[in-house]
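Enquirer: Sending over a structure as structure tokens; questions will come in a sec.
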Amino acid sequence: MLIRDEIISLLEQALTSAENADAISSVPNHTVTVEHPNREEHGNFSSNLPLKIQGLVKIKALDLAKIIIEYIPTHDAVERVEIAPPGFINFFLSDKWVAQQASVIASDYTFGQIPIEGEKSIQIEYVSANPTGPIHVGNGRGAAIGSSLANTFKFTGYRVQQEYYINDGGTQVLIFGQTLYARYLQLHGSEASLPDNGYPGSYMIDLAQEIKNRHGADFMEQNNDSVIEQIGMLGIEIMIEEIKNDLKQIGVEFDSWFSEKNLMEENGQYGQIMAILTAKNQITERDGAVWFTSSELGESKDNVLIRSDGTPTYYATDIAYHYEKFVERKFDRVIDIWGADHQGHVSRLKAAIDSVGGNSEGLDVLLYQLVTLRRGDEIVPLSKRAGEIVTLANVVAEVGEDAARYFFLATGANQPMEFDLELAVKQSDDNPVYYVQYAHALISSI
């Protein structure tokens, strides 16, 4: 039990033991509260209980305080109890007891836990970067935030599932497959050009080489859409392997990897939510596209669910995904961690979640701002014209896991952050990470 709760218990015992118990017995226990006073001379904890109940028991607050403290039981943690006008009861903790808490805290991993009522389940979905390229340094910020939140909720007793949503469907995956197939053909000496809006980064050449190493010339004699899809999915699988390894370098591991393709299967969640919205007359066709009539639910406009070419939008698959979270897996709370550029997506998603039977009040979306990478006074470009990016793996290799996680978390998520690579490796008090590590080493040696 926390010392605050124990002091509340002392006051509750005093109320039931006081001489005029008949008058005080009508005071409900929830009336008893204690706070940390603003001034040191008022003790470690203070209660305004006499002021709160003086009208109820018809006794002046100061006189009531004198009665109550006579019946407060002794406690090893409490050195003395004093009264202060106009009716406060102030508790002063024993220096000896406070000193003993250092060993208590050191030996108790659960110290500070606040048990929750009932078993609550939380799903935290974060990073979820397209598996068409490596995790970059900007994704690292979302990874550190999500992982730290998950650790905190686990510590407080929640059942937590950490999930990565794999965007393995849609146009970008098709273009990824076309690019990868072109690189694969080039490695076998065939002439092939990259598709428009393809992925020019050199990592695609490495990826094609890996597929060649694993499968040789198996795909050379075939040239159709199914082969492009097949080689694209092989590339996605390899990229996910690399993403898992990169995230593990900063202590991030997921319980579940959810494939977008699952939503689109026959009788999958995408079909289910479209049927629900149709049955509720919340769908309309306009300009060759299918729209969710979100303007009727307070949104500023309707939103497209199916494009005129027949492909579902990101919005439609996201509704299906959250239907699966709330309605099928029945999470009590869902936390999505997104980049700030998705801010406009939040309210329209919540409107749709309620329409398909979910609980928008159980959804929290945490948005984080961009990362600026620096090396001292020089800004490091996060991407180059050739499609190369500064990967999370590059940064962690240079500064280490502790520094990477610390810098990602040191600035509030709603503020842009600067990551100074030069500062992160300094062994001086200028570097907050080094300062914390040094302090930890000293404390651990005591």
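Enquirer: For the chain, what relative contact order do you get, as a whole percent, if you take Cα pairs closer than 8 Å and at least 6 residues apart?
Expert: 13 percent
Enquirer: Can you give me the solvent accessible area of LEU62 with a 1.4 Å probe, rounded to the nearest 10 Å²?
Expert: So the heavy atoms of LEU62 present about 70 Å² to solvent.
Enquirer: Hey, another quick one. May I ask you to compute the full-extension gain from LEU409 to ASP206, defined as 0.36 nm times their residue separation minus their alpha-carbon distance, rounded to one decimal in nm?
Expert: Values: separation 203, 0.36 × 203 = 73.08 nm, distance 3.22 nm.
69.9 nm is the gain from fully extending LEU409 to ASP206.
Enquirer: Report the gain in length on full extension from ALA102 to ALA279: 0.36 nm times residue separation, minus Cα-Cα distance, nm rounded to one decimal. Please list the in-between numbers first.
Expert: On the way: separation 177, 0.36 × 177 = 63.72 nm, distance 6.17 nm.
Gain on stretching ALA102 to ALA279: 57.6 nm.
Enquirer: Let me ask something else about it. Divide by every residue of the chain the summed helix terms, -39500 (n - 2.57) for each DSSP H run of at least 4, and state the resulting mean residue ellipticity at 222 nm, rounded to the nearest 500 deg cm²/dmol.
Expert: On the way: 17 runs with 194 residues, N = 446.
Taken over the chain, the calculation gives -13500 deg cm²/dmol.
Enquirer: Please list 140-147, 352-359, 247-254 highest first by mean number of surrounding beta-carbon atoms within 10 Å per residue. Please list the in-between numbers first.
Expert: Details: 140-147: 24.8, 352-359: 20.0, 247-254: 18.5.
Packing proxy ranking, top to bottom: 140-147, 352-359, 247-254.
Enquirer: Say each of ASP63 and ALA289 gets a label point 7 Å from the Cα, pointing the same way as Cα to Cβ; how far apart are those two points in nm?
Expert: It is 7.6 nm.
Enquirer: Give a quick list of trypsin sites (Lys or Arg not before Pro) in segment 368-445 that DSSP marks as loop, anything other than H, G, I, E or B, with at most 12 other Cβ atoms within 10 Å. Walk me through the intermediate numbers first.
Expert: Values: sites: ARG374, ARG375, LYS384, ARG385, ARG405, LYS426; in loops: LYS384, ARG385, LYS426.
Of the trypsin sites (Lys or Arg not before Pro), the ones in loops of segment 368-445 whose Cβ has at most 12 other Cβ atoms within 10 Å are LYS384, ARG385.
Enquirer: On the protein heavy atoms, probe 1.4 angstrom, tell me the percent of accessible surface of the chain carried by carbon and sulfur. Each step should come with its number before you reach the end.
Expert: On the way: 11430 of 23650 Å².
Roughly 48 percent of what the probe reaches on the chain is carbon or sulfur.
Enquirer: Could you state the angle between the C-alpha long axis of helix 401-410 and the longest principal axis of the C-alpha atoms of the chain, as a value from 0 to 90 degrees rounded to the nearest 10?
Expert: 70 degrees
Enquirer: Could you give the angle, 0 to 90 degrees to the nearest 10, between helix 3-17's Cα long axis and the longest principal axis of the Cα atoms of the chain?
Expert: Once rounded, one gets 40 degrees.
Enquirer: To the nearest 0.05, how large is the calculated FRET efficiency for GLU41 and THR171 if R₀ is 56 Å and r is the Cβ-Cβ distance? Let's see the in-between values first.
Expert: On the way: r = 68 Å, r/R0 = 1.21.
With R0 = 56 Å, the Cβ-Cβ based efficiency is 0.25.
Enquirer: How high is the FRET efficiency between ARG375 and GLU12 when r is their beta carbon distance and R₀ equals 41 Å, given to the nearest 0.05?
Expert: Working: r = 59 Å, r/R0 = 1.44.
It comes to 0.10.
Enquirer: While we're on this one: Between ASP420 and residues 5 or more places away or on another chain, which pairs have amide H atoms under 5 Å apart, with H built 1.01 Å from N, and which residues are they?
Expert: Placed amide hydrogens put ARG374 under 5 Å from ASP420.
Enquirer: Here is a further query. For LEU366 and THR311, calculate 0.36 nm times their separation in residues minus their Cα-Cα distance, and state this gained length in nm to one decimal.
Expert: On the way: separation 55, 0.36 × 55 = 19.80 nm, distance 2.82 nm.
Between LEU366 and THR311, full extension yields an extra 17.0 nm.
Enquirer: State which entries of LYS96/LYS154; LYS154/LYS325; LYS52/LYS350; LYS52/LYS96; LYS154/LYS244 exceed 30 angstrom in Cα-Cα distance in the structure shown.
Expert: Working: LYS96/LYS154 32 Å; LYS154/LYS325 19 Å; LYS52/LYS350 42 Å; LYS52/LYS96 32 Å; LYS154/LYS244 21 Å.
Pairs exceeding 30 Å: LYS96/LYS154; LYS52/LYS350; LYS52/LYS96.
Enquirer: Per residue, how much accessible area does segment 387-446 have with a 1.4 Å probe, in Å²? Write out the running numbers ahead of the final one.
Expert: Details: 3530 Å² over 60 residues.
Per-residue value: 59 Å².
Enquirer: Still on this structure, I have one more. If each of GLU422 and GLU398 carries a label point 7 Å out from its Cα toward its Cβ, how far apart are those two points in nm?
Expert: 1.2 nm
Enquirer: Between helix 269-279 and the chain, what is the angle of the helix's C-alpha long axis to the longest principal axis, kept within 0 to 90° and rounded to the nearest 10?
Expert: Once rounded, the angle reads 80 degrees.
Enquirer: Answer with a single label: of [x] 22.6; [y] 19.9; [z] 30.7, which was calculated as mean projected area of the Cα convex hull in nm² from the structure in view?
Expert: [z]
Enquirer: With every protein chain left in place, what is the accessible area per residue of segment 210-285 in square angstrom, probe 1.4 Å? Please list the in-between numbers first.
Expert: Values: 4360 Å² over 76 residues.
Normalised by residue count, the accessible surface of segment 210-285 is 57 Å².
The values are calculated or read from the model by the stated rules, or taken from the named source; none is laboratory data. Just so we're clear, the structure is a prediction, and the values are computed from it rather than from any experiment. Cβ coordinates were reconstructed from backbone atoms using ideal geometry, including for glycine residues, and neighbour counts include every protein chain displayed. All accessible areas refer to the heavy atoms of the entire protein, side chains included, with ligands and DNA or RNA removed. Shrake-Rupley method; radii C 1.70, N 1.55, O 1.52, S 1.80 Å.
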